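Participant: Pasting in a structure now, in structure tokens, and then I'll have a few things to ask.
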Amino acid sequence: MKWAKIQTIENDLLNSEFSTYFNVTVNNNVFVNGTYVCINLVTMFNSWSFPVFTDDSTIQNLISLWQTYIKEWQHSIDKMYDALYSNYNPLHNYDMIENESIGRKIDKTVTTPTGTTTQTNKSTTFDDTAYRDVEEITNSVNMTTEVTPNNTQTIDNIEGNFNNAEIRKLSRSGNIGVTTSQRMIESEIELRKKSIADWLIEFFVRKYMYTVGDDNEY
């Protein structure tokens, strides 16, 4: 197996025709620009050597090596991208969403009595103590029962049918006080100071390249 130094292909690396092959993408979005990768290889690792596996041009060997490396790490790169570009409040360390579904069966019953009622009116004269019927009214009433409502509803995540439902969504967020705001700000600043591009390049160099008599610890 042969080895070639970065300095032997530095002109190719600085050529935009080849730099795009070093792009790192996530969901078709450029996460790490290939030009940045190439410039770093030329300026930081110019004397480092990489393996040449095929008879293709030397730059094509490095491109193939880089793309194989990125493919191997793609899943982790996707997660890094999600972590860096997710929306969040750096001072909040507590976030919860709770969904609650309540189903009820409500019956309204109206009942009237049943049977027959008779009303009799009687009167007497001033000189008589006997009461005589004057008027008699008879009423017949039948019992009726009405139950409302009679509609039904299906509620997600609850078995059975109901005619009254309540669905609530509760959201809680903030700082539960375990970590101080100052420490959370410091952690956020340290996170943003780190470069995923530099980490990818340095790990690539450690894994696939070598140099002789260099003080860099990669």
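The numbers here are math on the coordinates, done by the rules we state, and not lab data. What you see is a predicted model; the values in this text were computed from it and never measured. Neighbour counts run over all protein chains shown; Cβ positions are idealised from the backbone, glycine included.
Participant: Can you compute 3J(HN,Hα) from phi for each residue in the stretch 31-41, using the Karplus curve 6.51 cos²θ - 1.76 cosθ + 1.60 with θ = phi - 60°, rounded to whole Hz and x for Gly and Pro?
Facilitator: So the Karplus estimates, Gly and Pro as x, are 8, 10, 6, x, 4, 5, 4, 5, 4, 5, 4 Hz.
Participant: Amide H to amide H, which residues 5 or more places from residue 26 or on other chains are under 5 Å from it, using H placed in the peptide plane?
Facilitator: 31
Participant: Would you mind counting up the charge near residue 208? Only other residues with Cβ under 12 Å from its Cβ, with Lys and Arg at +1 and Asp and Glu at -1. Intermediate results must be reported in sequence, preceding the final value.
Facilitator: Values: positive: 206, 207; negative: 72, 202.
Residues close to residue 208 contribute a combined charge of 0.
Participant: Please list, in chain and number order, the residues 5+ apart from residue 52 or on another chain whose amide H is under 5 Å from its amide H, with Hs placed from the backbone.
Facilitator: 2, 3, 4
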